[in-house]
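These notes are about the structure you will find just below.
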Amino acid sequence: DAGIARQRKLLGQQRSQVDADIKRGKLLAEDAKQASESIEKMRAQQFGEQLGRKVASPLSPALWREFAQHLPDDLGRVHSLYLQASKGLLQAAAKQGWGTPLLGAGLALVLLFPLRLWLRHLGRRYAASERAPAGRLRRTGLAVWLLLVGTLLPGLAAGVLVSSLRAISAIAPRLESVADTFVMATFVAAFIGALAAALLVPKRPSWRLLDIDDLAAGRLRRFAWGAAGLTWLTMLLREINRSARTSAVSTITLDGLIALTY
């Protein structure tokens, strides 16, 4: 029949077009893979060149003049990253609602304050009871407990907050690594602060593992908290700087400022 013949011819043309599209798609996928590998090689090469390149000292005017020249463009890149973050959050909240992020923030606060403080109190109460081992093991066990609680609870709180944002796809793709670094930095900073608290115990000298007086313990505790905060900020700033793809001179300047601050 003529109608069937025309239909068959049309279907044959459509099939040929689909086959051509599939072949074209495979070629594009292979090209994309090769381009990705080429980009990774270029990034590794540029990173190696950056490590081996001589730069001016953070104390010299030359570095700061170059930094001032690149500053407007770098601020624009950071602002663009901020716009992506806010746009992703607002769009996800408009589509999915604020329920999940607010729930995540509430759980994070519960982990960070009531639960953490209660577990610390529970450990101290057990260490002071007759069930705890006698001697130095009692103080060591309490120190280990305080270290675990002080490290895990803040880190888990940060993880819960980030997971609640990921649940509604509120984190922009370029900020995924920043979110992961936020969680890791919180774990690291919490470990530094918890370790200092477990070793120094400024308000309970009888439980102190280090042989130092109350004045030294109090002052060292402040330095430890300062180091923890600086470490957290350093890790986060470096990852934001990398995600914003700022200039090499800004990266070098940031590293120099961090070194001077330490």
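The values are calculated or read from the model by the stated rules, or taken from the named source; none is laboratory data. Computed from a predicted structure; not experimentally measured. Using ideal geometry, Cβ is built from the backbone for each residue, glycine included, and neighbour counts are taken over all protein chains shown. The protein model used for the area step is the full one, side chains on, heavy atoms only, and it has no ligands, DNA or RNA in it. Shrake-Rupley method; radii C 1.70, N 1.55, O 1.52, S 1.80 Å.
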(message) Looking only at region 241-251, how many residues end up being open to solvent by less than 50 Å² (accessible area, probe 1.4 Å) and part of a helix (DSSP H, G or I)?
(response) 7
(message) Please verify whether residue 131 is open to solvent by less than 60 Å² (accessible area, probe 1.4 Å), without any contact (Cβ under 8 Å) to a residue 60 or more places away in the chain, closer than 30 Å to residue 200 by Cα and of a type in the set (D, E, K, R), treating the condition exactly as stated.
(response) no
(message) Here are the criteria: (1) open to solvent by less than 80 Å² (accessible area, probe 1.4 Å); (2) more than 22 Å from residue 184 (Cα to Cα); (3) in a helix (DSSP H, G or I). Tell me which single one residue 75 does not satisfy.
(response) (1)
(message) Just to check your reading of the model, which residue among 1, 21 is modelled with pLDDT of 90 or more and acidic (Asp, Glu)?
(response) 21
(message) Against the definition (without any contact (Cβ under 8 Å) to a residue 12 or more places away in the chain, closer than 21 Å to residue 240 by Cα and open to solvent by less than 90 Å² (accessible area, probe 1.4 Å)), how does residue 35 come out, yes or no?
(response) no
(request) Report yes if some residue within region 207-220 is acidic (Asp, Glu) and under 21 Å from residue 255 (Cα atoms); otherwise report no. (result) no
(request) Might you check whether a residue that is open to solvent by less than 50 Å² (accessible area, probe 1.4 Å) and under 22 Å from residue 184 (Cα atoms) occurs anywhere in region 134-147? (result) yes
(message) I'd like the full set of residues that are more than 20 Å from the chain's Cα centre (by Cα), small (Gly, Ala, Ser) and assigned to a helix (DSSP H, G or I), limited to region 131-178.
(response) 141, 143
